[in-house]
Amino acid sequence: MPNPVKYDQILNALQSLLKDKDIRKISVSEIAQTAGIGKGSIYYYFPSKEAILEALIERNYETTLNTAKALAGQTAVSPFTRMAMLFQACRNSSQAFLRQNTKVTGISTKDMLLLHQKYLNYLITELKPELALIIEQGIENGDIHFDHPAALAEIVLIVLAVKLDNSLIPSSPEEIEDTITGLVSLLEKGTENPGGSLNFLMAIAE
């Protein structure tokens, strides 16, 4: 059975190495040496360096996303309120990502882009089924009228994740607010809700 202490040692080792070296220049042997374990033990837990990096990203943001999932599961709350909770989780997670990585001195632009790509993939993959479920429940109780809940969930999360982290496509506060306004308007029209009825979702742009 995998040892959770060793698992965390490996992730801690990679996080420590990222402070001074490019991701592409870090070897599995270096990770093992920094972690104080044998190289063979690394492969017992992870098939590759890439897998270690993905696990590190997941560990850094799982608390925020698990909180979002718990909130989204409160079926007594209206679907749009739960959607707002998920949207806010996207914002919180993006801010956590930026805080975490701005502390890493010397990180290259290429490495930052690679981390962003993996982070966004993780965020969207984890939240998509939660948001799709909320939309499906809204369809069932008549609050939402839409034929493709999973597609809608993915579109919304892509826009939010990319826009709110404000790094891949840097934007002014006004531009971010304008994008979110457009997204909310599309949601209202796509789900057949009155114009302005979902304006409370704009809180994530503040």
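A compact table of results
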read-out	value
Options Thr34, Thr67, Thr75; residue that is surrounded by fewer than 18 Cβ atoms within 10 Å (Cβ to Cβ), more than 20 Å from the chain's Cα centre (by Cα) and over 21 Å from Leu198 (Cα atoms)	Thr34
Selection from region 136-176 of residues that are within 17 Å of Met83 (Cα to Cα), outside any helix (DSSP H, G or I), open to solvent by less than 50 Å² (accessible area, probe 1.4 Å) and touching a residue at least 60 places away in the same chain (Cβ under 8 Å)	Ile144
Residue ID - farthest from Arg82 (Cα to Cα), chosen from residues in region 26-66 that are among the acidic types (Asp, Glu) and in contact (Cβ under 8 Å) with a residue 40 or more places away in the chain	Glu54
Hey, Thr105 within 25 Å of Pro79 (Cβ to Cβ), open to solvent by 20 Å² or more (accessible area, probe 1.4 Å) and either at pLDDT 75 or above or not in a helix (DSSP H, G or I) (or both) or not	no
Subset of region 14-32 (residues that are among the acidic types (Asp, Glu) and closer than 20 Å to Pro47 by Cβ)	Glu30
Which numbered condition Ala76 fails, given (1) under 30 Å from Leu131 (Cβ atoms); (2) assigned to a helix (DSSP H, G or I); (3) modelled with pLDDT of 75 or more	(2)
Residue check, Met85 open to solvent by less than 60 Å² (accessible area, probe 1.4 Å), under 23 Å from Ile31 (Cβ atoms), of a type outside the set (S, T, N, Q) and modelled with pLDDT under 85	no
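The values are calculated or read from the model by the stated rules, or taken from the named source; none is laboratory data. Keep in mind it's a predicted model, so treat the numbers as computed, not measured. Positions of Cβ are generated from backbone atoms using ideal geometry, with glycine treated the same way; all protein chains shown enter the neighbour counts. Note: areas computed on protein heavy atoms with side chains; ligands, DNA, RNA excluded. Shrake-Rupley method; radii C 1.70, N 1.55, O 1.52, S 1.80 Å.
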